[in-house]
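Everything on this sheet refers to the single structure shown next.
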Amino acid sequence: MAGVFESNYRRREEWDKPAEELRKLLTDDEYEAARASTPNAHFTSPMVIKAVWDGLERMGLGRDAQILEPAMGVGNFFGLMPESMQGGHRTGVELDSITARIAKKLYPDSSIFAKGFEETPLPDNYFDAVVGNVPFGDYAVHDPAMKHQFTRAIHDYFFAKSLEKVRPGGVMALITSRYTMDKENDAIRKHLAEHADLLGAIRLPNTAFKGNAGTEVTTDILFLRKRASGAQAAGEKWTGLDAVDSPDGPISVNEYFAHHPEMMLGKM
């Protein structure tokens with residue numbers, strides 16, 4: 001609903017009435033938080049969420065698991081968690097106060113923090129799995145505890161922070177924009193590869209979020225398993241880039257996708 005937050009002269013006429021109503025219903029803080037959340041309030045389709053849980057179940061995640069979702073929205077991942085995997089404890093983090101309050105009503109048995117991931121007091125090396133659809137964009141996060149190179153882009157930050165929170169042997173199953181895998185700067189990939197193995201990745205078509213989130217963006221689901229201290233690296237190579245053919249000529253993509261084109265659900 002980003003249209004309701006446009007200034008008067010830019011706002012389309014059909015948004016005027018909802019915009020006025022919203023302004024009356026929300027406090028100043030709530031209004032600003034809601035407006036600030038519109039770039040990342042993209043709700044993940046049930047088909048994608050169910051596939052992520054299915055993947056985690058195949059990887060051995062069972063009952064009694066400690067689950068963290070660091071950008072939970074209203075909790076679609078929690079709501080679609082298979083009954084066969086329930087029984088443990090779920091922890092969610094959501095920056096927008098209204099969205100977090102909805103999630104608390106829907107999942108009263110879960111621990112839900114209405115604050116930014118960087119401000120949430122969570123134990124390191126604790127969670128069996130970190131799941132979700134991370135915010136992505138070229139803007140920074142302020143977290144003095146994290147190296148500056150991992151706070152400059154919010155999606156890099158969520159991966160680096162999630163890596164700290166998952167236990168050795170635990171799995172991160174996170175949806176992110178293709179730039180985590182494809183950008184030339186490989187700092188975040190090298191950092192993750194030093195501590196975790198890439199079990200696999202799936203590139204979704206740019207229409208995967210169009211129906212329920214109204215956005216066209218090429219996204220990846222990454223499955224990473226955190227290694228125990230001193231364990232040898234295994235899994236797939238994924239820190240470098242390679243070229244693939246496209247109708248517009250060669251395109252640089254992550255070497256994993258160049259070597260596994262069957263893991264791209266569509267063509268570049």
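Worth a mention:
- Solvent-accessible area of residue 89 with every protein chain in place, 1.4 Å probe, in Å² to the nearest 10: 60
- Heavy-atom accessible area ranking, 1.4 Å probe, most first, across 179, 126: 179, 126
- For 97, 252, the ranking by accessible surface with the largest value first comes to 252, 97, using a 1.4 Å probe.
- Farthest toward the positive end of the dipole of segment 1-113, out of 102, 43, 88, is the Cα of 88, where the dipole comes from beta carbon charges about the Cα centre.
- Taking the longest Cα principal axis of the chain as reference, the axis of helix 46-58 is set at about 30 degrees.
- Highest mean first, the peptides 5-14, 166-175 sorted by other C-beta atoms within 10 Å per residue fall in the order 166-175, 5-14.
- Folded to 0 to 90 degrees: helix 154-165 orientation relative to the chain principal axis, Cα: 60
- For segment 86-151 versus segment 185-202, the gap between their alpha-carbon centres in whole angstrom: 21
- Relative to the Cα centre, the charge distribution of segment 1-105, modelled as +1 at Lys and Arg Cβ and -1 at Asp and Glu Cβ, gives a dipole magnitude of about 180 debye.
- Taking amide H as placed 1.01 Å from N in the peptide plane, the amide H of residue 92 sits under 5 Å from that of 69, 111, 112, 113, each at least 5 places away or on another chain.
- Cross-link partners for residue 161 among the lysines, with Cα-Cα distance under 19 Å and sequence neighbours closer than 8 places in the same chain left out: 115, 147, 190, 226.
- Using all pairs of distinct alpha-carbon atoms, the Kirkwood hydrodynamic radius of the chain works out to 19.5 angstrom.
- Carbon plus sulfur fraction of accessible area for the chain, probe 1.4 Å, in percent: 51
- Dipole moment magnitude, nearest 20 debye, segment 131-268 about Cα centre, only Lys, Arg, Asp, Glu C-beta charged: 560
- Considering only beta bridges that DSSP places wholly inside the chain, some 55 percent are antiparallel.
- Exposure ranking of 109, 248, 186, 143 by accessible area [1.4 Å probe, largest first]: 248, 109, 186, 143
- Only one residue of 76, 2, 257 has its Cα farthest out toward the positive end of the dipole of the chain, where Lys and Arg carry +1 and Asp and Glu -1 on Cβ, and that residue is 76.
- Sites residue 30 and residue 115, calculated FRET efficiency, Cβ-Cβ separation with R0 22 Å, nearest 0.05: 0.95
- Only Lys, Arg (+1) and Asp, Glu (-1) charged, at Cβ; segment 47-101 dipole about Cα centre in debye: 40
- Placing unit charges on the Cβ atoms of the charged side chains and taking the dipole of the chain about its Cα centre, the candidate lying farthest along the positive direction among 130, 34, 111 is 111.
- Most tightly packed first, judged by the mean number of other beta-carbon atoms within 10 Å of their residues, the peptides 69-80, 225-236 read 69-80, 225-236.
- Note on residue 125 and residue 86: the extension gain reaches 12.0 nm, defined as 0.36 nm multiplied by sequence separation minus the Cα-Cα distance.
The values are calculated or read from the model by the stated rules, or taken from the named source; none is laboratory data. Fair warning: this is a prediction, and the values are worked out from it, not measured in the lab. No Cβ is skipped: glycine too gets one built from the backbone with ideal geometry, and neighbour counts run over all protein chains shown. Each accessible area value is taken on the protein alone, full model and side chains, heavy atoms only, with ligands, DNA and RNA left out. Shrake-Rupley method; radii C 1.70, N 1.55, O 1.52, S 1.80 Å.
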